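The values are calculated or read from the model by the stated rules, or taken from the named source; none is laboratory data. Fair warning: this is a prediction, and the values are worked out from it, not measured in the lab. Here Cβ is always computed from backbone atoms with ideal geometry, including for glycine, and neighbour counts include all displayed protein chains. Areas reflect the complete protein model, heavy atoms only, side chains present, ligands, DNA and RNA absent. Shrake-Rupley method; radii C 1.70, N 1.55, O 1.52, S 1.80 Å.
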Amino acid sequence: MSATPAVIPAPATLAILGGGQLGRYFVAAAQELGYRVIVLDPDANAPAGKIANEHLIKGYDDADALAYLAQHCAAATTEFENVPAASLATLAAHMPVHPSADAVTIAQDRIREKRFLRDHGLATAPFITVEQQTDLDAAGDDMFPAILKIARFGYDGKGQARIADRAQAIAAWQQFGTACVLEKMVPLDAEVSVVLARNAHGDCQCFTPAENIHRHGILDVSITPARIGDDLLQQAQAAAQALAQEMDYVGVLAVEFFISNGQLLINEMAPRPHNSGHYTIDSCVSSQYEQQVRALCSLPLGDARPHSAAVMVNLLGDLWFDANGQGPHEPDWTQLNRVPTLKLHMYGKLAARPGRKMGHFTVLDQARDSAVQTALDARRAIGIKDD
Ligand code: ATP
Ligand code: MG
């Protein structure tokens, strides 16, 4: 790391690989600060492409697209971990790239990620890596029940199987047919995530931990501050900062934790802003996306302090379909619009599909518990079931 990284001032042009909703918020934050943004995403309808200064509709490893970015951009970032690390390395020969290809290489592979955490003394659920069947034969009996997770390209609970015993683990591993991590099932008191930003000077700003509630493997509700007590709130922030420091990470990093029998365990990390950090747009002095721009351009980081409690609810494509699966029909947002403390966000996606993240809303309040109540009432009012 250079001692005095150069500031990249606006109106420079920035590149982002990936054009989903996280990328769209990055584009908006960068443009607010006076930058231009080029999005690279092969999907012509990518939400970030719709508001970017330019959208290259090409693959992430397309040599012409990467050459174009190298020629026109002053810095590059990503909005998803499955971007080819080689593309980031190619761009890094021409401009600052944050997060680095090295950091993304660790975060996009559960085996490297888990080993990195273990080697740096950061607590996780007990795990073994599974690259051949003998790894499962050798697993201790105390590893079960467990979850088998594919090492790469899993998300929203996809590429995972719940496992009762060794025989099931072997069957599931044969079905996945790829390198995996076998994790012991741990009892969960709660799940929380910490988003932080770190710039090339080593300055770090940590957001308040969010408590995350999943449904069918997909994030449903995020509550900030998490209802886990001050000690654990501080421990989670400290552990996330320690991890960022160990990786010499520059950019926005999200760290997911389990709280199991009162103990904090790291589940996984994402080298980018996080769904559970959407709340920062509405309830913090600086959003996670503004921090991503600031860290990328070596600006001083913004203040991560919240000015209110916040509860975020994801809006999935299921809402566009009735009980018989008929649709899609645009939901009636009247029940949300009538709540004055509720901020509705839609991502501009053309096609609604069950399980697809179409938008979210965040309820703000001085008191967390009343924000939870208002958000759950609003969630029910538009017909989201608690099943
Ligand atoms: P996402 O993309 O939504 O973060 P993912 O596909 O990367 O999800 P994980 O975060 O590894 O998957 O796991 C999804 C969920 O499954 C966790 O949030 C947690 O509820 C549960 N889970 C995963 N691992 C364990 C474990 N070892 N013990 C208990 N529950 C677990
Ligand atoms: Mg997860």
**OP:** Give the distance, in whole Å, between the Cα centre of the range 128-153 and the Cα centre of the range 197-261.
**Re:** 26
**OP:** Specify the residue with the greatest mean-square fluctuation among PRO354, PRO306, PRO273, computed from a Gaussian network of the chain linking alpha-carbon atoms under 10 Å apart.
**Re:** PRO354
Original post:
What number, in percent, do you get for the relative contact order of the chain if the mean sequence gap of Cα pairs under 8 Å and at least 6 apart is divided by its residue count?
Top reply: 14
Original post:
When only C-alpha pairs under 8 Å and at least 6 residues apart count, what is the relative contact order of the range 30-149, in percent?
Top reply: 13
Subject >> Estimated 222 nm signal from helices in the chain, with DSSP H stretches of n ≥ 4 weighted -39500 (n - 2.57), rounded to 500 >> reply: -8500 deg cm²/dmol
Subject >> Three-way shape label, the range 290-387, alpha-carbon gyration tensor, a/c 1.5 >> reply: oblate
Subject >> ALA323 paired with HIS307, simple spin-label distance in nm, labels 7 Å along Cα-to-beta-carbon >> reply: 4.4
Original post:
Which whole-number value in Å² is the accessible area per residue of the chain, probe 1.4 Å?
Top reply: 42
Original post:
How much accessible area does PHE80 have with a 1.4 Å probe, in Å² rounded to the nearest 10?
Top reply: 50
Original post:
For the chain, what Kirkwood radius comes out of the mean inverse Cα-Cα distance, in Å?
Top reply: 21.6
**OP:** Pull out a ≥ b ≥ c, the square roots of the eigenvalues of the alpha-carbon gyration tensor of the range 190-381, then state rounded if a/c is under 1.5, prolate if not and a/b is larger than b/c, and oblate in the remaining case.
**Re:** prolate
**OP:** Enter the accessible area of HIS274 (Å², nearest 10), with the probe set to 1.4 Å and all protein chains included.
**Re:** 20
Original post:
Are there trypsin sites (Lys or Arg not before Pro) in the range 279-376 that DSSP puts in a loop and that have at most 11 other Cβ atoms within 10 Å, and which ones?
Top reply: ARG338
**OP:** Starting from the Cα-Cα distance between ARG115 and GLN335, subtract it from 0.36 nm times their residue separation and give me the gain in nm to one decimal.
**Re:** 74.5 nm
Original post:
When all protein chains stay in place, what accessible area (Å², nearest 10, 1.4 Å probe) is found for LYS50?
Top reply: 110
**OP:** Evaluate the Kirkwood expression for the hydrodynamic radius of the range 1-90, namely the inverse of the mean inverse distance over all pairs of different C-alpha atoms, and round to one decimal in Å.
**Re:** 13.1
Original post:
So if R0 is 35 Å, what FRET efficiency would THR134 and LYS385 give, r being the distance between their Cβ atoms, rounded to the nearest 0.05?
Top reply: 0.20
Subject >> Among beta bridges that DSSP assigns inside the chain, antiparallel share in %, nearest 5 >> reply: 80
Subject >> Alpha-carbon centroids, the range 1-64 and the range 310-359: separation in whole Å >> reply: 26
Subject >> Calculated FRET efficiency for the pair HIS72/ASP369, C-beta based, R₀ 51 Å, to 0.05 >> reply: 0.55
**OP:** Excluding LEU148 itself, calculate the net charge of residues whose Cβ lies under 9 Å from the Cβ of LEU148, where each Lys or Arg counts +1 and each Asp or Glu counts -1.
**Re:** +1
**OP:** With 27 Å as the limit, write out which pairs from LYS58/LYS149; LYS114/LYS349; LYS158/LYS349; LYS357/LYS385 have Cα-Cα distances beyond it, or answer none.
**Re:** LYS58/LYS149; LYS114/LYS349
Original post:
Shape of the range 120-194 from its Cα gyration tensor (a ≥ b ≥ c, root eigenvalues): rounded if a/c is under 1.5, otherwise prolate when a/b > b/c, or oblate?
Top reply: prolate
Subject >> Most to least accessible of ARG36, ARG380 (protein chains only, probe 1.4 Å) >> reply: ARG380, ARG36
Original post:
Taking a 1.4 Å probe, which of ASP332, ASP303, ASP318 shows the most accessible area, and what order do the others take after it?
Top reply: ASP332, ASP318, ASP303
Original post:
Over the chain, what percent of the accessible surface lies on carbon and sulfur atoms, probe 1.4 Å?
Top reply: 49
